[in-house]
Amino acid sequence: MKKSIIILCLAVWSLGTITACSNGDKATEKHQKKSKYTCTMHPDLSFDKPGVCSKCGMELVERDTTEEK
């Protein structure tokens, strides 16, 4: 009887851990920051990585493009 209770508890605990981990990944994906980089002198230009502006050579600044759902 004790063995079956212990096995049942372990099964429930394992299932809860798996479910909690999979839901946690989805929650972090929703709130991940999606950054774009732009030049302060040329805001019409947008880049995926930091670096320098292709027109003037100024350093790009990060612009937050996170979408709230």
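FYI, it's all coordinate maths here, none of it is from the lab. These numbers were taken from a predicted model, which means no experiment stands behind them. Every residue, glycine as well, gets a Cβ built from its backbone with ideal geometry; the counts of neighbours run over all protein chains shown.
Determine the sum of side-chain charges near Leu60: Lys and Arg each +1, Asp and Glu each -1, restricted to other residues whose C-beta is under 15 angstrom from that of Leu60.
Summing Lys and Arg as +1 and Asp and Glu as -1 gives -1.
Karplus couplings for the range 50-55 from phi (6.51 cos²θ - 1.76 cosθ + 1.60, θ = phi - 60°), rounded to Hz, Gly and Pro as x?
These are the phi-based 3J(HN,Hα) values: x, x, 10, 5, 6, 8 Hz.
For Trp13 and Lys34, compute 0.36 nm times the residue count separating them, minus their Cα-Cα distance, and round to one decimal in nm.
Stretched fully, the Trp13-Lys34 segment lengthens by 4.1 nm.
For Ser46 and Ser4, compute 0.36 nm times the residue count separating them, minus their Cα-Cα distance, and round to one decimal in nm.
9.1 nm
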